[in-house]
Amino acid sequence: MAARGAPIFRICAYSIAMSDIDFEEQIDLSGLLCPLPVLKARKHLERMASGQVLKILATDPMAAIDMAHFCGEQGHTLLGSENAGGTLIFRIERK
């Protein structure tokens, strides 16, 4: 039996600045530690329509890894992420 490799996550690259990406909703998850930012983002995305964009603010450094992994596993698109003075900002398009 062949060994399976790690899944490949899809992150879209855009030439526009993150601040120019529109979003329908925003949640501030600052101060929450792993796994809470991803769990709360998942719950929020479930209430949104397909194609809508959620802007997420988080301060847990692990969120940078966790959000990309979450999007890859659930089929959402991570439009971009940035670090603004210790606050991580993500924009996720719901599948």
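Can you spot a residue in segment 53-66 that is touching an Asp or Glu at 6+ places or on another chain (Cβ under 6 Å) and either at positive phi or touching a residue at least 40 places away in the same chain (Cβ under 8 Å) (or both)? Don't jump to the end; show me each part of the working.
Within segment 53-66, the subset touching an Asp or Glu at 6+ places or on another chain (Cβ under 6 Å) is 53-54, 57.
Pick out the ones that are also either at positive phi or touching a residue at least 40 places away in the same chain (Cβ under 8 Å) (or both) and you get 53-54.
Scanning segment 53-66 turns up at least one residue that is touching an Asp or Glu at 6+ places or on another chain (Cβ under 6 Å) and either at positive phi or touching a residue at least 40 places away in the same chain (Cβ under 8 Å) (or both).
Among the residues making up segment 37-52, those that are in contact with an Asp or Glu (Cβ under 8 Å, 6 or more places away or on another chain) and either part of a helix (DSSP H, G or I) or over 17 Å from LYS95 (Cα atoms) (or both) are PRO37, VAL38, HIS44. All told, GLN74 meets the bar of being closer than 12 Å to VAL38 by Cα and surrounded by fewer than 19 Cβ atoms within 10 Å (Cβ to Cβ). Contact map, segment 37-50: residues that are of a type in the set (A, V, I, L, M, F, W, C) paired with residues that are buried (at least 17 other Cβ atoms within 10 Å of the Cβ) and assigned to a helix (DSSP H, G or I), Cβ distance under 6 Å, separation 6+ or inter-chain. Pairs shown: VAL38/ASP66; VAL38/PHE70.
Considering only segment 44-54, I want to know if a residue exists there that is basic (Lys, Arg), out of contact with any Phe, Trp or Tyr (no Cβ under 9 Å at 6 or more places or on another chain) and modelled with pLDDT of 95 or more. Yes: segment 44-54 contains one or more residues that are basic (Lys, Arg), out of contact with any Phe, Trp or Tyr (no Cβ under 9 Å at 6 or more places or on another chain) and modelled with pLDDT of 95 or more.
Condition first: touching a helix residue (DSSP H, G or I) at 6+ places or on another chain (Cβ under 7 Å) and either of a type outside the set (Gly, Ala, Ser) or surrounded by fewer than 12 Cβ atoms within 10 Å (Cβ to Cβ) (or both). Now tell me which residues in segment 77-94 satisfy that. Talk me through it step by step, then tell me what you get.
If we filter segment 77-94 for residues that are touching a helix residue (DSSP H, G or I) at 6+ places or on another chain (Cβ under 7 Å), which is where we start, we get 77-78, 80-82, 88-92, 94.
Of everything in segment 77-94, those that are touching a helix residue (DSSP H, G or I) at 6+ places or on another chain (Cβ under 7 Å) and either of a type outside the set (Gly, Ala, Ser) or surrounded by fewer than 12 Cβ atoms within 10 Å (Cβ to Cβ) (or both) turn out to be THR77, LEU78, GLU82, LEU88, ILE89, PHE90, ARG91, ILE92, ARG94.
The values are calculated or read from the model by the stated rules, or taken from the named source; none is laboratory data. The structure presented is a predicted model; accordingly, all values stated were derived computationally and were not measured. Cβ: placed from backbone, ideal geometry, glycine included. Neighbour counts: every protein chain shown.
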